[in-house]
Every structure is written in structure tokens, then in C-alpha cells.
Ligand code: PMP
């Protein structure tokens, strides 16, 4: 039991109370088996059913076409930073006989980190654009005219982060037309299932579960099946291409239906329950509408008090998931957070690298919670202007 939280943490984040109540029961005794969902074998019929249902719900809810496969890995979003270059260069090498040069669109710290990891692993990367180099700071998506579009014959993939959680920068639409013949890879850790996505345009979409769809411990991947054909390990070695650890080798994991090694079955079950609820509540378009409504309310309230609040992200790139704002008078930061906490509005402190505030409005954050926050933002501004 708990009172409905008003929690705006960036991740791990709030989940629907009804889901957690069901999950709590299932942790102790799943489907009357006399044993819990975290205790059953991932190869038992009940364990396999959890994975299969979760995949099926995700495909249905997010309209994932049969050209694409869904699978789960442990390791978090960060594992994607390493597994994407190792796997997609292998896939590229099958056709082109070389790793090629992974290309990165950098619009905040998470895409920066992804590129750094590809470099660290020994890949030669190309930077399509670095928003910080263009504007002096992160907070916008530079116009495509300023991007260096890579050549398809050299480029195993172009990588971008659909929603930069720390900087509050989100793509409305990636400029796919500029990248004909190149696989597009998106990190959707922090806007996973927050809006419809046209998967036919993507090679890979991945995201950690712990913001919009579950608890930490699972990363969800959606991959174009045609990308699962690799050269042998011996051939990759000859080409000097770093080899993915076996538990993060996509074709291996897909061929074992996400159970090559032990999958966090309970964490996947929570995703299953979240998806079930989303389907019942009217699906992805409904969720998107709700997310638009929530973020519009908060942004428009903040905009009413320009003497008090600063919105550092350019309007066209504003995230619907992570509303970043600062107080013009920094000495008010601590008071803002303290007064918010007194009203049970939690998780508002901005990331240490940006400062200020960040309100994360993930799927499970209700419109009512955002109304309470908007009211607080308004009252605080009136008190201090
Ligand atoms: N990508 C994005 C967009 C994120 O927000 C995060 C985590 N906040 C990560 C990747 C890294 O995820 P993890 O901590 O699960 O490795």
C-alpha cells in the first residue's frame, strides 16, 4: 500500500501502483505455482511465457513489424553503447568485408558517451554533428545543413539518442532522408514507448527499462532481422573487428529467444504488466497525447514567469519526458527543492552536470501529479518575483 506518489525522478522512475501491487503478489506466488516469478527457471513454461507475452505485447502496442525482432539483455543502456558497435560492424562486415566507421549524432551527454565507448573499443568513429561544438552547449538539435552526412559504403550505422535525459533534448523526427542506405540506431532509454515510432526506418532501437516501462535490470532491443547475419568469429578476427561478448551477441541471444543466459524474469514480468496496462488504457497514441498534455502544461507554466525561470532548451528540441529548467536566482535552488519536498513533490533536482531542476514526466507520472507541480511552480514564482 502507498499514497499515490508525485515523483519526477529521471530514472529509475515511478511505476503505476497497480502494476507494483500485482508484481508484489507475483514475487511471492506466481500464478499459484507456490513459488515467485523471481524464483522460477527462465526455461520453465511460466518463465518462457513471461518472455513471450512481453514480446508479443510490445509488438502489438508499438506496432513493430515482422521485419523486426524484439529481445532482452541485462546490462542497462550503457551495455548498448558497447554492444551496438560490436554487433553492427559485424553485420556490416558480412556485406562489405570491413567494420566501416560508425557515425554519431551528438546532442547531449548520452550520445557523447555512446561515441566515446565506440572509440574506446577501438572503432574509428565519425561525428555527424556535435551540438556542443555548434552552439557552445547542449540544448538544441543543429539544423541538418550543419551535419556531415557520411557515405553509406563506409558507414555501418548512424547512431543518435532520441531523448537526451540530462539535457532535455528530444527529436521530433530524425532526418532519415539524409541517411539513405545507412542503418539508423536510436537510444530510446528515456522516451521508450512514449510515442508511436515507425520501425521500418530503424536498424535498431534500444532502451533500458527503468524509466518508462519497468525496473532496472533489463534492456529492450528491437532489431531489423536482416542485420542478424554475421561473419564467423575467425573471419571477424582476420578483419580485426572486436568481438561482442557472447551474452551480448545479438544473433546468439535472438536464436535462444532472449534466454541464452539467465534472464531477469521478474524484471521482464514487470514490463509485461506495464504493457498490459497500456494496452488496456488505449494504447500508444493515447499515451502520447497524455505526454503532450503533461509537458505542455509544465512548459507553459514555466514560460509565464521568465523573471524566475529559465528554459535552456530551444523550443523545437524540448523533451516531453525531461523538462529541464533553472532558477534565474541560483540561491533559490535549495528553497525550491525544500518547499517542493514539503508538498511531496519529489525527484526534481537537475543532473549534477547541468544544475537547476529537471522534472521527468514519464508515462506513469499522472496528469494530476503534473497539475500539482505546475501549481507549485506558479505559487513559487508569485512568491519570489
Ligand atoms: N541512455 C540514456 C538516454 C539514459 O538516460 C541512460 C541512463 N539514464 C543511459 C543510456 C544509461 O543507462 P544505464 O544506466 O541503464 O546503463
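Results, tabulated for the structure shown:
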item: Within a Gaussian network of the chain (alpha carbon springs, distance under 10 Å), most fluctuating of 342, 216, 259; result: 342
item: Principal axis box of the stretch 52-137, alpha-carbon based, largest edge first, Å; result: 44, 35, 23
item: Diffusion constant of the stretch 225-303 at 10 °C, which comes from Stokes-Einstein with the Kirkwood Cα-pair radius and 1.306 mPa s, µm²/s; result: 94 µm²/s
item: Estimated 222 nm signal from helices in the chain, with DSSP H stretches of n ≥ 4 weighted -39500 (n - 2.57), rounded to 500; result: -12000 deg cm²/dmol
item: Sorted by Cβ density within 10 Å, fewest first, the residues 125, 17, 89; result: 17, 125, 89
item: Order of 222, 64 - criterion: other Cβ atoms within 10 Å of each residue's Cβ, fewest first; result: 64, 222
item: Neighbour-count ranking [beta-carbon atoms within 10 angstrom, fewest first] of 230, 260; result: 260, 230
item: Square roots of five times the Cα gyration tensor eigenvalues for the stretch 283-384, Å; result: 22, 15, 13
item: For the chain, built as a Gaussian network whose Cα springs stay under 10 Å, the top-fluctuating residue of 12, 231, 45; result: 45
item: Global form of the stretch 127-284, assessed from the alpha-carbon gyration tensor, a/c cut-off 1.5; result: oblate
item: Span from the the stretch 335-363 Cα centroid across to the the stretch 147-193 one, whole angstrom; result: 29 Å
item: Among 304, 132, 195: highest mean-square fluctuation, GNM of the chain, C-alpha pairs under 10 Å; result: 304
item: Rel. contact order, % - alpha carbon contacts under 8 angstrom, at least six apart, the chain; result: 23 percent
item: Kirkwood Rh, angstrom, the stretch 17-279 [1 / mean 1/r, Cα pairs]; result: 19.0 Å
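Quick note: the coordinates plus some simple rules give every number you see, no bench work behind them. What you see is a predicted model; the values in this text were computed from it and never measured. Cβ: placed from backbone, ideal geometry, glycine included. Neighbour counts: every protein chain shown.
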